[in-house]
Amino acid sequence: MRPARDERALLPGPAGNLEIVVSDPGQPRRGLVLIAHPHPLYGGTLENKVVQTLARCFYAQGQVAVRMNFRGVGASDGTFDEGVGETQDWLHVARAMQGRFGDLPLALAGFSFGAFVQAQVARTLAPARLVLVAPAVNRFAMQQVPAGTLVIHGEDDDVVPLRDVLDWARPQSLPVVVMPGAGHFFHGKLVELARLVNHSCAC
C-alpha cells in the first residue's frame, strides 16, 4: 500500500535543517518507525527503493513511517559526518516525532549505511524492534545489536559479502535471513523483501 499522502517537511536539527518525509496512516496508529537510507556519498537518499519499500510495509501495518535525508542530501543541511552526526540527527528526529505522535511503540529500520546508523541509534533509544537490511558490517564498526533484531541480507551481495555479515552475527548468535539470488540493492526482489518484512514485523 502506497501512502495516500506523504508529508515532506524541514525539521531544525543539530547542524541545520533536516528534510523528512512522514507517512501517517492516522488513527489508530500502531507504532512509529524511523527508516534510514544508504550511504549519502554514493547516491543514498530517502527515495531509495529499499527504503520506500520498508516505509510502505510499516505504513500498511498502521504505523507512522518517517524517512530522513542525511546531512548534505536533498534539502538537508550539513555535510557527511561518518555516522556520528547522522546518529545525533536521528535521535533528534525521534524526539520530535515522539513529541508529535506520543508514546507509540518505536521501531528502527535501516538499509546498508543506514543500518549502521540505526544500530547506533538503538543503543540510546532501545526500540521495540530493529530491522537491518544489508548492514554495512565490512565498512563501519557495527557493534552488537539487541537479541531479536531482524537482519536481512542478499545471497549475492557484492558490496557487503554475506560471509562478512555471518562473521559479524555469529558471536552474537544472531540469525540472518538470507534472500536467495538477491544483490545489495535487492533489484527484482523488492516484492519478496516486502513480504518478508510484513511477515516478520506484523504488529
Handout entry: Extension gain, Arg195 back to Arg29 (0.36 nm per residue minus Cα-Cα distance, nm)
Key = 57.7 nm
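Over the range 9-124, with every protein chain in place, what whole percent of the accessible area is carbon and sulfur at 1.4 Å, could you tell me?
Working: 1970 of 4080 Å².
Of all accessible area on the range 9-124, carbon and sulfur atoms account for 48 percent.
Quick one: length gained pulling Glu82 to Asp158 fully straight, 0.36 nm per residue minus the C-alpha distance?
Numbers: separation 76, 0.36 × 76 = 27.36 nm, distance 2.17 nm.
Gain on extension, Glu82 to Asp158, equals 25.2 nm.
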Problem - Helix-only mean residue ellipticity at 222 nm for the chain, each DSSP H run of n ≥ 4 adding -39500 (n - 2.57), per residue, nearest 500 - result: -9500 deg cm²/dmol
Problem - Whole-number accessible area per residue in Å² for the range 115-203, which is evaluated in the context of all protein chains at 1.4 Å - result: 49
Exercise for the section: Among Gln98, Gln63, Gln88, determine the one that fluctuates most according to a GNM of the chain built with springs between C-alpha atoms less than 10 Å apart. Expected result: Gln98
Exercise for the section: Among Leu108, Leu150, Leu125, determine the one that fluctuates most according to a GNM of the chain built with springs between C-alpha atoms less than 10 Å apart. Expected result: Leu125
Fill in the blank from the handout: Between (i) 50; (ii) 46; (iii) 56, the structure-derived percent of Cα pairs over 21 Å apart is (ii)
Practice task
Round to the nearest 0.05 the FRET efficiency obtained for Leu41 and Asp6 when R0 = 35 Å and r is the Cβ-Cβ distance.
Solution key: 0.90
Problem - Amide H partners (placed H, <5 Å) of Met179, local residues excluded - result: His153, Gly154, Glu155
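The values are calculated or read from the model by the stated rules, or taken from the named source; none is laboratory data. Everything quoted here is computed from the prediction, not taken from an experiment. Here Cβ is always computed from backbone atoms with ideal geometry, including for glycine, and neighbour counts include all displayed protein chains. Accessible surface is based on the protein model in full, side chains and every heavy atom, while ligands, DNA and RNA are left aside. Shrake-Rupley method; radii C 1.70, N 1.55, O 1.52, S 1.80 Å.
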